[in-house]
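The values are calculated or read from the model by the stated rules, or taken from the named source; none is laboratory data. Predicted, not measured: the structure shown is a model, and the values here were computed from it. Heads up, the Cβs are rebuilt from the backbone with ideal geometry, glycines too, and the neighbour counts pull from every protein chain shown.
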Amino acid sequence: MLFELFVCYNNGMDNTISEVDKLYATPQGAIEMAATHFQMQLHSLLVNKFEERFQAGEVSLAALSERLGVSEERVLSVIEGTSDRSDVESSILVYARYLRALDYELSFSVAEPTKGYKFS
């Protein structure tokens, strides 16, 4: 539910106070929306980097699946976002492995939230 609401919010489907805005205004909602946003950013990063390497002819689906030691179907399901969501969301290691197999390293930064509930 949160994922679908977030997608609608980010696509600008509603200019009024949305359910997403209401969620951001609560402590638990702000936490859940932050997690959803982070997962979406990670997935988008993976897709973009795979497309870059694929378009440049630097990696194929078969090569990536071989590097990862998983089936081509598994690679496709993760990249297309059709794999079991709990499987991918539960492990940041999935993203780290896939990005490393594409010759990237995953790194993070931390910033104060730009909107929503403030705990202090």
Exercise. When you go through 41, 55 one by one, which is the residue that is modelled with pLDDT of 85 or more, of a type in the set (S, T, N, Q) and within 17 Å of the chain's Cα centre (by Cα)?
Worked result: 41
For this session: Please find, within the range 86-115, the residue that is farthest from residue 20 (Cα to Cα) out of those that are at pLDDT 80 or above and small (Gly, Ala, Ser).
Result: 101
Exercise. With (1) surrounded by fewer than 17 Cβ atoms within 10 Å (Cβ to Cβ); (2) without any contact (Cβ under 8 Å) to a residue 12 or more places away in the chain; (3) farther than 30 Å from residue 18 by Cα; (4) more than 15 Å from the chain's Cα centre (by Cα) as the list, and residue 65 as the residue in question, which single condition is left unmet?
Worked result: (1)
Exercise. What are the residues in the range 52-62 that are among the aliphatic types (A, V, I, L, M) and surrounded by 16 or more Cβ atoms within 10 Å (Cβ to Cβ), if any?
Worked result: 59
Seminar exercise, completed: Going through (1) more than 30 Å from residue 17 (Cβ to Cβ); (2) surrounded by 10 or more Cβ atoms within 10 Å (Cβ to Cβ) one by one, residue 34 fails only at (1)
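For residues that are surrounded by fewer than 16 Cβ atoms within 10 Å (Cβ to Cβ) and part of a helix (DSSP H, G or I), scanning just the range 4-16, find the one that is modelled with the highest pLDDT.
Among those that are surrounded by fewer than 16 Cβ atoms within 10 Å (Cβ to Cβ) and part of a helix (DSSP H, G or I), it is 10.
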